[in-house]
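Comments concern the structure below.
Read-outs: derived from the displayed coordinates by stated rules, not from any lab. All values reported here derive from a predicted model rather than from experimental measurement. For neighbour counting, all protein chains shown are included, and Cβ atoms are generated from backbone atoms with ideal geometry for every residue, glycine included.
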Amino acid sequence: MKKEHVLHCQFSAWYPLFRSLTIKSVILPLPQNVKDYLLDDGTLVVSGREDPPARSQPDSDDEAEEIQWSDDENTATLTAPEFPEFTTKVQEAINSLGGSVFPKLNWSAPRDAYWIAMNSSLKCKTLSDIFLLFKSSDFITRDFTQPFIHCTDDSPDPCIEYELVLRKWCELIPGAEFRCFVKENKLIGISQRDYTQYYDHISKQKEEICRCIQDFFKKHIQYKFLDEDFVFDIYRDSRGKVWLIDFNPFGEVTDSLLFTWDELLSGTNLKGDFSEEALEQDAPAFRCTNSEVTVQPSPYLSYRLPKDFVDLSTGEDAHKLIDFLKLKRNQQEDD
């Protein structure tokens, strides 16, 4: 995977070519001061909020006594920076898309931060909703700081013009999303996107789903993308129509889901489990969660905890584990 492959998967690079196949979206250049704010590692103070409603006066003296106000003159008040011009542009774009949007940067959406939102969703109606998700997301930080991670070429990093992508909000059923892997312009693998859950209809209709995705690929995607190796995500609606969702680089930076990158890069173990007729037509390997026994927890759950906690629970950081055990021993000695 080379840096140019990553650049070709930026939303603004492919959206003009495939606009008619995907969800209506608006792309806004991200000002440098907004980028700086999103990368600021201080306390999470969200900008872009409307002024909160004024608090009514207490109805009684008793209620007034219960309210404790700080009179410490040294108390610091944290205020978020404001971006009035950018806020206006974002709100106009949101309104033009129906009032609710799915936000992302050049490549990534803040899927790892959905839990922090009041609605536990990536559905945003204001810039403050977007900021809350972006400032809480490791995926967004990676877009800013490590966009070319896993790239094999040693050329200087290209200059990136960052952009805020607002996509019209659509209620997509996770069981209808699929990830497709393309090597040398050949569709070699299709994986259920939400592999942590079992969906009965996928197991029963996998040959039909695979054929539908193949037809879509051959008609609309093959030989039209900027590279010959890439990954694309699709959504198949209740009428059987396929919608393009996103493009990703063909490499480790992209989640291989129910495949491994060794399989995809080498081409081994990619035989489909379809009928002989389908195999003769050179069908791609199709993988889905086949039973409820294999259901797994969401891979995004670990982002709800501080990384130190995760490292301790998995034993990945031996030094943290040793420090933790020493702390427990000292506590026991003190007792």
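Here are the numbers for this structure:
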read-out: Sites Asp255 and Gln222, calculated FRET efficiency, Cβ-Cβ separation with R0 25 Å, nearest 0.05; value: 0.65
read-out: Prolate/oblate/rounded call for the stretch 114-254, Cα gyration tensor, a/c under 1.5 rounded; value: oblate
read-out: Rough spin-label spacing in nm, given labels placed 7 Å along Cα→Cβ, for His201 and Lys241; value: 1.6
read-out: Cα-Cα over 30 Å, subset of Lys104/Lys183; Lys135/Lys219; Lys24/Lys271; Lys241/Lys271; Lys2/Lys241; Lys125/Lys204; value: Lys135/Lys219; Lys24/Lys271; Lys2/Lys241; Lys125/Lys204
read-out: Pair Asp215, Thr152: separation of 7 Å Cα→Cβ label points (nm); value: 3.7
read-out: Cα→Cβ-extended label distance, 7 Å offset, between Glu208 and Ile116, nm; value: 4.2
read-out: Gyration tensor (alpha-carbon) shape descriptor, the stretch 174-287, a/c threshold 1.5; value: rounded
read-out: Length-normalised contact order for the stretch 174-287 - Cα pairs under 8 Å, 6+ apart - percent; value: 33
